[in-house]
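Engineer: Below is the structure I would like to discuss, written out as structure tokens.
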Amino acid sequence: MRALASLTRSVCGSALRATMLAALTVALASCDDAAGPLPRAGAGEGSAWEGELSAELRGFADVSLDGSADDAVAVRIEVRDVATDGLFDAAQPLVAIGRRERFPEAQSELYVATFAGVPASACPGGQATLALALHRRPPDARFAGGLTAYCGAEPKGTPARVFRLSGTLVPR
Amino acid sequence: MRSHERSVGPRTEHRRRRFTTAIAAIAAALAASGAGKARAEDHKFALSMLHFNVQYVAGGLNGFFITPNPELDLSAAQVEDNIIRQSFEPVLDLFAKHPTWGIDLEMQGYMLDVMAERHGDVLDKLRALAEAGQAEVVSFHYSDQLFLAYPREDWVRSQALTAAAFAKHGIPLGKTVFCQEGQAGPGMAAAMEEAGYQTLLFPKNLFGYQHGHETPIEPLYRFGNIDLLFSRGTSWQGPSDSIEVDFWFVDDGELLATGDFDPYIAEFFFEDEAAVAEKEAELLGLEAAGYRIATVGEYVQTIRPLLEARPQAPPLLDGTWQPDTTDGIARWLGGSGIWADDERDNDVRSLGALAHRELVAAETAAAAAGLDARGELDGAWRLLVLGQVTDASGINPFRGEIEYGLAHASEVLRIAREVLLRAHAVLSADGTPLSIDTAAGTVTPAGPSPAAPPEVEPQLALGIEPGNRDVEERWWDLGGGAYRVMLRFGPSIDERSIAVTFPGQAGEGGDLVYTPGLAEAPVQLARDGFLFDHFQLALSDGLIGLGPGAFVIKDMARVHIAATVRRDSGDVRFQDDTAPYGQDSTWVFQVVLGDQAQAAAAARALNVLPTVRR
């Protein structure tokens, strides 16, 4: 089984490589995008992005980030095919005004938002606060980070779970 | 007897070397030869170190196999549960059957929290063995993190979490230290002493890589003000006493009771009663041959009075337990493994370094502003050490583990920025930028943005190996003999390896100069005190010497991969075999042409306790 797992993963990688050489913008949906060619944002450093990220490896998150000049960002995220463990309802989109945080000395930026009062059957009080944190190194368009679920009204303390997000968004 | 080599999973191909030594046969031979007839002054010890790691698959197995399979796509909690029930509990049960046997059980503090939350009965069994002195419960870090690669403060917070977990759950914290991936190094002596530990078990192969695998060793050494022993058997003969010591197990503890299957192999990772029985028979044989199945702590306590003067440990560099097969710590800092296409070591480790910087800045600002942000900050430190888990960048990380590291570090950054914003509102009502000096603990108005430093010609001839990527090299004069160097590697569609070599000087004045993990100042070591051809260093503050009056410092939030040094050359090489396809990689270093104190201060100001403008 280990050999099979190794083979299937490596075949996937090879397929991706071949695809890259043939057509740089094509990706295989069944393979993670980490190995694939990534569209680059180019010199324009806007803060409006959209697209689909992988969520917890097998699921997906439709993400929209709509930034303004003052670094406020309208965030919308909808998660699919992820076991949310009663920490939020994947059928409900998460919407909030977040921020774009800049780390110029580290060639980094972070898109953040919190979603409070999320119904969460797994939490003692029945509510969770979700915190989105997506890191990007300009000029590349790859984002990685997570959606962290905290039981209660504030995103602090020990989280109930960190849901992993990664992939490439396209500038709007 | 000899210790296990690490065993193999899909991520650790080097580890599957079957333990071929027939312990029972050797014990029988010893008994037959009379060696087993112990005199009162003979001390024969059989020791162990079962290294458990509840983050063996950090984030769980979901997505590990390309084809979804509910039976194998285990969540993080399910993997943790299996480790505790299938591999850990059977070991406790085995030793509960033999009250005269001792064992060392190493784990991160987080594992106690997991047991307390979901496996209280197993925690009770552990407590019973520990309180009886049968089990020495060894723990040096809360998370199985790559602590040698980060500033000491990150480990300090981690160790505090571990100590708190042990106290909360009523488990005596052992005085012996062994660490994730066998991390060990000279900076641990002072750190261990300050935290109340007594003995470091230093991996035999990390020692052998530096000084020769066959070099004779003593049964115990001085290591600063504490003790050190190597995880290799040896013997000693005194005027009336003798010591014979060996290790019956130094390996991943998960393998003992499962017939060498590790948690990645979920379909076979179950308790194997025959494997446990086989081990029990081996230990019974050792016992019959006169060996005391003991803890490291018991061993040290017994033999210390016999040794009139313990020798000082030889010079040691920091690294991991199988340097021959992982190319030292490089496997976690630029080296690639089985799932090479997914790896992005520099992304993972530089984001961890950035999160450290922002968190110490947030803590400083919160204190200056008088904020009650302890809840947020403590949570962030916990997430930081979890995210620094070794498996996010080595040995063979799969994508889920890589993203575990990135997700945790990103959340730390978010929390730190939230706290900084709140502090800013208190300290700068008009929004004026603040200068946060994390070393001095002060926050002052930042004033106008400093002028950009002048760009200058390269001060050293770098050996840059970009593969088929475009590369740009730029230097800026920061003043006082310090320079910023930027190397921007453009995207490649088919190559992962990029490297740069900084020219250095060996020979006279060309000692190794670097700051070991958990140390706070550089050490200077003669290269001819070692036997290695080359060695890989993590550089916890980014600093390494290039010879007299020249140093290079990684800007760890931009480049955090291993430095390769050689015994016969002063050159320092940085190589990343995991640079992502299709993406830029921009590395930033500082070069200091000055003295060691200046370079050390620059490294601390850049990577450990920075001053940031926010």
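FYI, it's all coordinate maths here, none of it is from the lab. None of these values were measured; they are calculated from a predicted model. Positions of Cβ are backbone-derived with ideal geometry, glycine not excepted, and every protein chain shown enters the neighbour counts.
Engineer: Could you give the radius of gyration (one decimal) and Dmax (whole number) of the Cα atoms in the range B:97-163, in Å?
Structural biologist: 13.7, 43
Engineer: Two decimals is fine: what is log10 I(q)/I(0) at q = 0.18, 0.25, 0.29 Å⁻¹ for the range B:289-336, from a Debye sum with one equal scatterer on every Cα and no solvent?
Structural biologist: The Debye formula, applied to the Cα set alone, gives -0.79, -0.91, -1.03.
Engineer: May I pose another question? Evaluate 2.2 N^0.38 Å with N set to the residue count of the range B:29-169, then give the Cα radius of gyration divided by it. Show your work: numbers first, answer last.
Structural biologist: Working: Rg = 18.7 Å, N = 141, 2.2 N^0.38 = 14.4 Å.
Normalised by 2.2 N^0.38 Å, the Cα Rg of the range B:29-169 equals 1.30.
Engineer: While we're here: For the range B:216-347, what number results from the quotient of the Cα radius of gyration and 2.2 N^0.38 Å? Provide the component values of the computation, followed by the final result.
Structural biologist: Numbers: Rg = 19.5 Å, N = 132, 2.2 N^0.38 = 14.1 Å.
That ratio works out to 1.38.
Engineer: Follow-up question, since we're still on this one. Gain in length, residue A:80 to residue A:66, computed as 0.36 nm per residue apart minus the alpha-carbon separation, to one decimal in nm?
Structural biologist: On the way: separation 14, 0.36 × 14 = 5.04 nm, distance 2.09 nm.
That pair, residue A:80 and residue A:66, stretches by 3.0 nm at full extension.
Engineer: Give the angle, between 0 and 90 degrees and rounded to the nearest 10, that separates the Cα long axis of helix B:152-169 from the longest principal axis of the Cα atoms of chain B.
Structural biologist: Relative to chain B, helix B:152-169 is tipped by roughly 40 degrees.
Engineer: At 0.36 nm per residue, minus the direct Cα-Cα distance, what do residue B:132 and residue B:429 gain on full extension? Give it in nm, one decimal, please.
Structural biologist: Values: separation 297, 0.36 × 297 = 106.92 nm, distance 5.91 nm.
Going from the current span to full extension adds 101.0 nm.
Engineer: Same structure, new question: For chain B, state the semi-axes of the equivalent ellipsoid (square roots of 5 times the eigenvalues of the alpha-carbon gyration tensor), sorted largest first and rounded to whole angstrom. If you can, show how the numbers build up before the last one.
Structural biologist: Working: eigenvalues 350, 152, 113 Å².
Its equivalent ellipsoid spans semi-axes of 42, 28, 24 Å.
Engineer: How large is the translational diffusion coefficient of the range B:419-483 in µm² per second when you combine the Kirkwood radius over alpha carbon pairs with Stokes-Einstein at 37 °C and 0.692 mPa s?
Structural biologist: Working: Rh = 15.7 Å.
Approximately 209 µm²/s, per Stokes-Einstein.
Engineer: By a straight-distance test (C-alpha under 24 Å), which lysines pair with residue B:204 as possible cross-link partners, with residues fewer than eight away in the same chain excluded?
Structural biologist: Candidates past the 8-residue exclusion: B:44, B:175, B:279.
Engineer: Pop a pseudo-label 7 angstrom from the Cα along the beta-carbon direction at both residue B:69 and residue A:58 and give the gap in nm to one decimal.
Structural biologist: Going by the 7 Å Cα→Cβ label model, 1.2 nm.
Engineer: Compute from the Cα atoms of the range B:389-500 the Rg and the Dmax, the latter being the longest Cα-Cα distance, and quote both in angstrom.
Structural biologist: According to the Cα coordinates of the range B:389-500, Rg and Dmax are 20.0, 51 Å.
Engineer: In the protein assembly as shown, if the dipole is taken from +1 on Lys/Arg beta carbons and -1 on Asp/Glu beta carbons about the Cα centre, which of B:525, B:184, B:366 is farthest to the positive end?
Structural biologist: Towards the positive end, the residue furthest out is B:366.
Engineer: By what distance, in whole Å, do the Cα atoms of the range B:355-407 stretch along each of the three principal axes, largest value first?
Structural biologist: So the three principal-axis extents are 44, 17, 12 Å.
Engineer: Now for a different question. Report relative contact order for the range B:180-335 in percent, whole number only (criteria: Cα-Cα under 8 Å, sequence separation at least 6). All intermediate terms of the calculation are to be shown ahead of the outcome.
Structural biologist: Numbers: 182 pairs, mean separation 47.2, N = 156.
Reported relative contact order: 30 percent.
Engineer: Please identify which residues in the range B:220-259 have an amide N closer than 17 Å to a label point set 7 Å out from the Cα of residue B:531, following the Cα→Cβ vector.
Structural biologist: Those under the cut-off are B:230-235.
Engineer: Would you calculate, for chain B, the mean residue ellipticity at 222 nm contributed by helices, counting each DSSP H stretch of 4 or more residues as -39,500 (n - 2.57) and dividing by all residues, to the nearest 500?
Structural biologist: Details: 15 runs with 186 residues, N = 614.
Dividing the helical sum by the residues of chain B leaves -9500 deg cm²/dmol.
Engineer: Please report the projected area of the range B:156-256's Cα convex hull averaged over all directions, in nm². Walk me through the numbers before you get to the answer.
Structural biologist: Details: hull surface 33.5 nm².
Mean orientational projected area (the range B:156-256, Cα hull): 8.4 nm².
Engineer: Just the number, please: percent antiparallel of the DSSP beta bridges in chain B, rounded to the nearest 5.
Structural biologist: On the way: 62 of 87 bridges.
Close to 70 percent.
Engineer: Quick one: check the C-alpha center-to-center distance for the range A:86-136 versus the range B:358-387, whole angstrom.
Structural biologist: So the separation of the two Cα centres works out to 19 Å.
Engineer: On to the next question. For the protein assembly as shown, just list the percent of Cα-Cα distances falling in each 10 Å bin from zero outward, please.
Structural biologist: Answer for the protein assembly as shown: a P(r) of 3, 14, 24, 26, 19, 10, 3, 1, 0 percent.
Engineer: With a Förster radius of 35 Å, plug the Cβ-Cβ distance of residue B:96 and residue B:523 into 1/(1 + (r/R0)^6) and report the FRET value to the nearest 0.05. Walk me through the numbers on the way to the answer.
Structural biologist: On the way: r = 44 Å, r/R0 = 1.26.
Once rounded, the FRET efficiency stands at 0.20.
Engineer: In addition: Using 0.36 nm times the number of residues separating residue B:442 and residue B:85, minus their current alpha carbon distance, what extension gain do you get?
Structural biologist: Numbers: separation 357, 0.36 × 357 = 128.52 nm, distance 4.91 nm.
Taking 0.36 nm per residue and subtracting the Cα distance, the gain is 123.6 nm.
Engineer: If you find the alpha carbon centre of the range B:180-248 and of the range B:494-543, how far apart are they in angstrom?
Structural biologist: About 23 Å separates the Cα centre of the range B:180-248 from the one of the range B:494-543.
Engineer: Can you list the HN-Hα couplings for the range B:354-360, worked out from phi with the Karplus curve (6.51, -1.76, 1.60; θ = phi - 60°), rounded to whole Hz and with x for Gly and Pro?
Structural biologist: Calculated HN-Hα couplings, in order: 5, 5, 4, 4, 5, 6, 5 Hz.
Engineer: Moving on to the next point. Which percentage, to the nearest 5, of the DSSP beta bridges contained in the range B:173-256 is antiparallel?
Structural biologist: Counting DSSP beta bridges with both partners in the range B:173-256, the antiparallel share is about 55 percent.
Engineer: Please report the Cα spread of the range B:232-283 along all three principal axes, rounded to whole Å, starting with the longest.
Structural biologist: 55, 21, 8
Engineer: Could you work out the relative contact order of chain B? I mean the mean sequence separation of Cα pairs under 8 Å and 6+ apart, divided by the number of residues, in percent.
Structural biologist: On the way: 1398 pairs, mean separation 101.5, N = 614.
Normalised by residue count, the contact order of chain B is 17 percent.
Engineer: Next up: Fewest Cβ neighbours within 10 Å first, please rank B:527, A:136, B:304 accordingly.
Structural biologist: Going from least to most buried by this count: B:304, B:527, A:136.
Engineer: While we're here: Once label points are set 7 Å from the Cα along Cα→Cβ at both residue A:172 and residue B:42, what is their separation, rounded to one decimal in nm?
Structural biologist: 8.0
Engineer: Moving to a separate point now. Report the calculated FRET efficiency for residue B:497 and residue B:567 (r = Cβ-Cβ distance, R0 = 25 Å), to the nearest 0.05. Let's see the in-between values first.
Structural biologist: Working: r = 24 Å, r/R0 = 0.94.
For R0 = 25 Å, the calculated efficiency reads 0.60.
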